[in-house]
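All of the numbers you see were taken from the coordinates with simple rules; none came from a lab. As the structure is a computational prediction, the values presented were derived from the model and not from experiment. Positions of Cβ are backbone-derived with ideal geometry, glycine not excepted, and every protein chain shown enters the neighbour counts.
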Amino acid sequence: MSDNRLGENKSTPSRAGQQISRRKLFAKLGMASLGAAATGTMALTYRFLSPSVLYEPSPIVNAGKSESYPLDSVTLDVNSAIYLIHVQEGFFSLHAVCTHLGCMTVWKPELDVITCPCHGSQFSREGQKLDGPAPKPLPWLKSWIDDEGDIVVDRSTVIQPFQFLRI
């Protein structure tokens with residue numbers, strides 16, 4: 001006759017030396033599996049419901065005091081991708097990104113032009129297209145003086161050309 005008889009409680013030893021039945025073992029494994037599935041479902045639900053937003057810096061840039069820009073100067077702010085230009089009529093700002101494929105342009109004072117190093121587009125000091133594959137001129141950006149006397153540029157607001165900020 002075998003050692004296992006019908007109706008006997010089959011068990012396996014546990015860590016603490018206690019006996020645990022096969023039924024309880026599978027019940028605990030089943031509960032652990034359900035818990036893992038529920039946790040995964042909650043994690044995926046949270047990921048699905050949370051917004052996927054790109055947090056970008058403010059489009060409004062403080063360019064500093066007007067005294068720091070000499071007359072007939074073209075100043076590139078690489079971090080905000082704007083040119084602040086001081087001419088006889090006043091100040092104005094241009095977007096420094098080429099309208100062709102989005103490359104950052106550079107000011108060439110020896111040629112008195114803004115150029116795109118990627119594909120050779122050239123723009124005048126006023127942003128007008130002179131040469132190259134760029135389809136449009138560089139856009140003028142809204143500028144104003146804040147309460148502390150600083151020049152502020154809104155990179156998200158394009159204005160008509162030749163609207164100077166007079167100080």
Per 0.36 nm of contour for each residue apart, how much would the distance between K28 and L49 grow if the chain were fully extended, relative to their Cα-Cα spacing? 4.4 nm
Distant-in-sequence amide H partners of T157 (H built 1.01 Å from N, under 5 Å): K142
Build a GNM of the chain with springs between Cα atoms under 10 Å: which of R22, R155, R125 gets the top mean-square fluctuation? R22
Taking only the alpha carbons of region 60-159, what extent do you get along each of the three principal axes, in Å, biggest first? 41, 28, 22
Table column - 3J(HN,Hα) (Hz), region 51-63, Karplus curve with 6.51, -1.76, 1.60, x for Gly and Pro: x, 9, 10, 8, 8, 9, x, 4, x, 9, 10, 8, 8
Bin width 10 Å, alpha-carbon pairs only: give the P(r) of the chain as whole percents, running from 0 to the bin holding the largest distance. 9, 25, 17, 8, 7, 7, 7, 9, 8, 4, 1, 0
Connecting C-alpha atoms closer than 10 Å in a GNM of the chain, tell me which of Y69, Y55, Y46 has the biggest fluctuation. Y46
What residue among I20, I114, I85 shows peak mean-square fluctuation when the chain is described by a Gaussian network model with Cα springs under 10 Å? I20
Cα long-axis angle, helix 22-49 against the chain (0 to 90 degrees, to the nearest 10): 10 degrees
Quick check: pseudo-label points 7 Å beyond the Cα along Cα→Cβ at T157 and S68, how many nm apart are they? 2.2 nm
